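The values are calculated or read from the model by the stated rules, or taken from the named source; none is laboratory data. Model, not experiment: these values are computed from the prediction. Don't worry about glycine lacking a Cβ; one is built from the backbone with ideal geometry, like all the others, and counts go over all protein chains shown.
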Amino acid sequence: MTKAFIFDLDGTLTDTLDSLHVSVVGTLEELGLPPVTREQCRQFVGNGARVLMEKSIRAAGGDVDGLLDEAMQVYGRIFDANCTYHVVPYEGIMELLSLLGQKGMKLAVLSNKPHRQTVHVVEEIFGKQTFAWISGQKEGIARKPDPQAALLIAKELGVKPCECVYVGDSEVDVATGKAACMRTIGVAWGFRTRGVLLEAGAEAIAGSPEEIMELIKE
């Protein structure tokens, strides 16, 4: 019996690509490097800010080993000022969350985005009452696809992993949900294609938020 939903943030609940791209480009500019494209940034997200910057520096032709630590400091400052830049919920998400709430589902967010910015984005877009738990990348907790954070959330919500549905848009999310022994639904409207999700082993893929409700009835 499903009692809780854990959602990824970027590419699942919200379209945050512009905020990420403008922050990456601003960081590269301060480092004296050329910009990466919006599409490159789309492919680089999903594994946290450090991996995003590592891939971006490499794509821009920079010295990753020599620049990464400085880049993280710069990126943290720029992204903090831009983490809600052009950020909007995907069409149908607000209705889905409302329906799940009406059905008594416990709702949570798990992101590889730094924790402070994760909370900021979620509360700015969805308010402070929608989600019972919000978790971004924190010191001492392994980032996705390690299941540690997902399992901690289930514990905080007072449910078993098998009573959770994990929803995300990337191969990282598919691996996270499966590792946590949660029913996992990939979404095809985010930062990765349906093909990537299938290759990652997604057991179900929703083409719209409405389809999620149909999938959990099966």
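Name the residue, out of ASP65, ASP80, ASP69, ASP18, that is surrounded by fewer than 17 Cβ atoms within 10 Å (Cβ to Cβ) and touching a Phe, Trp or Tyr at 6+ places or on another chain (Cβ under 7 Å).
Exactly one residue qualifies, and that residue is ASP18.
Failed condition for ARG116, given (1) loosely packed, with under 15 Cβ neighbours inside 10 Å; (2) touching a Cys at 6+ places or on another chain (Cβ under 6 Å), with all others met?
All conditions are met except number (2).
Of all the residues that make up the range 86-103, how many are without any contact (Cβ under 8 Å) to a residue 12 or more places away in the chain and either small (Gly, Ala, Ser) or crowded, with 16+ Cβ neighbours inside 10 Å (or both)?
1
Check LYS144, LYS128 and return the single one that is assigned to a loop (DSSP other than H, G, I, E, B), surrounded by 15 or more Cβ atoms within 10 Å (Cβ to Cβ) and at pLDDT 95 or above.
LYS144
Residue under question is GLU123, and the condition is that it be part of a loop (DSSP other than H, G, I, E, B), closer than 22 Å to TYR166 by Cα and either over 14 Å from the mean Cα position of the chain (by Cα) or not aromatic (Phe, Trp, Tyr) (or both); does it hold?
For GLU123, the condition - part of a loop (DSSP other than H, G, I, E, B), closer than 22 Å to TYR166 by Cα and either over 14 Å from the mean Cα position of the chain (by Cα) or not aromatic (Phe, Trp, Tyr) (or both) - is not met.
Based on this model, can you work out whether THR184 counts as hydroxyl-bearing (Ser, Thr, Tyr), in a helix (DSSP H, G or I) and either out of contact with any strand residue (DSSP E or B) (no Cβ under 8 Å at 6 or more places or on another chain) or within 20 Å of VAL45 (Cα to Cα) (or both)?
no
I need the full set of residues from the range 198-211 which are in a helix (DSSP H, G or I) and either more than 17 Å from the chain's Cα centre (by Cα) or hydroxyl-bearing (Ser, Thr, Tyr) (or both), in order please.
Result: LEU198, GLU199, GLU210, GLU211.
Given the condition acidic (Asp, Glu), part of a loop (DSSP other than H, G, I, E, B) and more than 15 Å from the chain's Cα centre (by Cα), answer yes or no: does some residue in the range 75-84 qualify?
Taking every residue of the range 75-84 in turn, none turns out to be acidic (Asp, Glu), part of a loop (DSSP other than H, G, I, E, B) and more than 15 Å from the chain's Cα centre (by Cα).
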